[in-house]
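Single-structure report; data block below.
All of the numbers you see were taken from the coordinates with simple rules; none came from a lab. Owing to the predicted nature of the structure, the values given are computational and were not obtained by experimental measurement. FYI the Cβ positions are ideal-geometry reconstructions off the backbone, even for glycines, and counts take in every protein chain you see.
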Amino acid sequence: MYPDYMAESLLKVTQTRPKRLELARKPDPVYPPMSAEERRAVLEGFHPDFEASARRKVRVGPNRDESLTTEVADLLESHAWLRSNQVDLKKPDFETDLLIIGGGGAGCNAALVAMKEHGLRSIIATKLRMGDANTMMSQGGMQAAVSRTDSPTRHYLDAIGGGHFENKPELVRALTEDGPGVVKWLEDLGVCWDKQEDGSLKTMHGGGTSRKRMLSCRDYTGAMIMRTLMDEVRNHPDMIEVKEFMPAVELIMDDKGHCAGAVLYSLDSEEFFTVKAKSTVVATGGYGRLHIRGYDTTNHYGATGDGLVMAYRAGAKLMYMDSVQYHPTGVSFPEQIAGFLVTEAIRGAGGQPLNKDGELFVFPREPRDIEASAIIRECVQNGGGVPTPSGRVGVWLDSPLIDMLHGEGYTEKHFPAMYRQFIRYGIDITKLPMLIYPSLHYQNGGIEINERCETDLPGLYVAGEASGGLHGRNRLMGNSVLDYNVFGRRAGKYAGEYAKKVKLGKLSLAHLDSYEKELADAGVKTDLVTPVLLPSYAPEDVRKRQLLRADNELPGTSVLHNRLHDERPGA
Ligand code: MEZ
């Protein structure tokens, strides 16, 4: 339930509703969409990427001297867990055709295609359980041009426009042209898309789309896709081995500069294991749990940018790592679920963002970065936000309009996840609006790839959120769900082709020593040891006491980090 002091503002929302409902029933936009100049102004004035300390130059690695998101630059200027002489590479613990790092949608797709198209074996190494990934958490849908009035070309133009014309065109072409085939691939595997009465696919609008193109499985789209892909992976234990709670901590190279596998770390036994692989696919997802600029996040617990840092140390270039996506509608209240996703499909179905006086202040379906910036402006500059008891702020998202527009029962039927997310806390979203604020949602950039998912390093492939270039500096809704399917499949295909012909040389971790030297030469002083693996929410005083336990008694990564740090030459 909302606290009593919000009643006055809630009353205003009710009072302005009949007029707004009337507007919503007309074909015209309920609020004027912004011009190009207005968009630029709101972005530069209010998007967190444009805050003074949001970016800084990174001092080491392939993107040296480029301005990156500050937290990303910090992440990259860090020490590795290991040195080359700490790991015996002569006799790897496991050997396979493909090593796939990450057990989300991209990783599962890659393993399945490598098996089905090439008859190759894979190991999927995943930090938590298979499916503990942002894939599982996506709600509103997947874009694909399947309706009679749509086409991959239209989809291409929308994605490029949304990305401010900075997307790598060949990647967008691959995404949009493969889209309809991915819909069929997933349906054949068992995904039950929402359908119309006549059996055709149901499509909805998302922000920045010129056609209804969002395919959904209610608001459990990601869960449906992830469970289907996992089932298919589990159906082939002879070909795809899944190692859970075994994150990769470093890539292994060979003496010819090929990527040749990775060092895994068992979260259970704290042992390291080496995997030799003919090709390696990084499918580790993004970095939401770095809580960039202190924002709450929609992301799953393991999203700590591990793939970025491993690939970067090995020499792979990153692209657009100065650009962060804040989903316009994360939960602001109840605070127990602060940051959780409120799907964009709620606005697609008619939900309206309102200030504390119950007034519309932005067109509900602007591209994400614009919509998020407008909400921040309304709270920060215009004082139009509603404060929460813990010091957050939010604006209303008027969800009761949805049943009024589409008929009683529509919200519960089409948004069961959303309904349940709030009713647990006594908020019935068919009767009361939700209080929302932008939440850190997506890593727009990542490891640079081409349309074959290849990186600068032979044998290293990347798919899904860990990759960069596809979305430019702003991704549109539903294009990440398509992304991990299209490029997960492509990674399986091309990494498979490569695995069939490569002859690996002598395995090596020499790049870790070179990187350490580069840090020293650049004068970088840091305590940070990465990959982060798991975010720590312990308060500072507790963290200090944890780090003092350097005698190896306490299982856990903080001790290990500290021990390795202390053993570092010159530490
Ligand atoms: O693409 C996404 O981020 C997505 C589908 C999120 C949502 O609003 O539901």
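One table, with the values for the structure above:
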read-out: Reachable lysines, given that their alpha-carbon falls under 24 Å from the alpha-carbon of Lys431 and they are not under 8 places away in the same chain; value: Lys12, Lys19, Lys26, Lys356, Lys413
read-out: Around Leu509: net Lys/Arg minus Asp/Glu count, Cβ-Cβ under 13 Å; value: -1
read-out: Amide H contacts of Gly207 (H built 1.01 Å from N, under 5 Å, at least 5 apart or other chain); value: Met477
read-out: Peptides ranked, highest mean first, by Cβ atoms within 10 Å: ranges 177-183, 509-515; value: 177-183, 509-515
read-out: Extension gain (nm, one decimal) between Asp255 and Phe94, 0.36 nm per residue minus Cα-Cα; value: 56.0 nm
read-out: Spin-label proximity, Glu197 to the stretch 398-440 - amide N less than 19 Å from point 7 Å beyond Cα toward beta carbon; value: 405-411, 413-414
read-out: Segment Glu241-Arg452, length gained on full extension (0.36 nm per residue, minus Cα span); value: 73.6 nm
read-out: Highest average packing first - 201-214, 54-67, Cβ atoms within 10 Å; value: 201-214, 54-67
read-out: FRET efficiency estimate (nearest 0.05) - Cβ-Cβ, Glu117 to Glu177, R0 30 angstrom; value: 0.95
read-out: Where labels lie 7 Å past Cα in the beta-carbon direction, separation of Arg56 and Glu44 in nm; value: 2.5 nm
read-out: Shape call, the stretch 225-356: gyration tensor on alpha carbons, a/c limit 1.5; value: prolate
read-out: Whole-Hz couplings from phi, Karplus 6.51/-1.76/1.60, listed for the stretch 382-395; x for Gly and Pro; value: 8, x, x, x, 10, x, 9, x, 8, x, 7, 9, x, 10
read-out: Additional length obtainable on full extension of the chain from Arg83 to Asp428, 0.36 nm per residue less Cα span; value: 118.8 nm
read-out: Shape call, the chain: gyration tensor on alpha carbons, a/c limit 1.5; value: prolate
read-out: Signed unit charges on C-beta, dipole axis of the chain, positive-most listed residue Ala463, Ala374, Ile337; value: Ala463
read-out: Which of Pro27, Trp81, Met115, positive extreme of dipole for the stretch 1-121 (C-beta unit charges); value: Pro27
read-out: Fraction of antiparallel bridges per DSSP, the chain only, in percent to nearest 5; value: 60 percent
read-out: Mean residue ellipticity (222 nm) of the chain, computed from DSSP H runs ≥ 4 via -39,500 (n - 2.57), nearest 500; value: -11000 deg cm²/dmol
read-out: Per DSSP, loop trypsin sites (Lys or Arg not before Pro) in the stretch 82-171 with at most 14 further Cβ within 10 Å; value: Lys90, Arg129, Arg148
read-out: Cα centre as origin, Lys/Arg/Asp/Glu Cβ charges: the chain dipole, Debye; value: 680 debye
read-out: Proxy reagent accessibility, fewest Cβ within 10 Å first, across Thr16, Thr455, Thr298; value: Thr16, Thr455, Thr298
read-out: Dipole of the chain [Lys/Arg +1, Asp/Glu -1 at C-beta], most positive-end residue of His236, Pro438, Leu308; value: His236
read-out: Length-normalised contact order for the stretch 261-372 - Cα pairs under 8 Å, 6+ apart - percent; value: 16 percent
read-out: Backbone N within the stretch 412-429 under 17 Å of label point (7 Å from Ser390 Cα along the Cβ vector); value: 421-427
read-out: Cross-link pairs beyond the 24 Å C-alpha cut-off, checked among Lys116/Lys317; Lys212/Lys317; Lys90/Lys243; Lys127/Lys202; value: Lys116/Lys317; Lys212/Lys317; Lys127/Lys202
read-out: Cut-off under 5 Å, modelled amide H: who pairs with Tyr326 long-range; value: His441
read-out: Mean separation of Cα contacts under 8 Å, 6 or more apart, over the residue count of the chain: relative contact order %; value: 24 percent
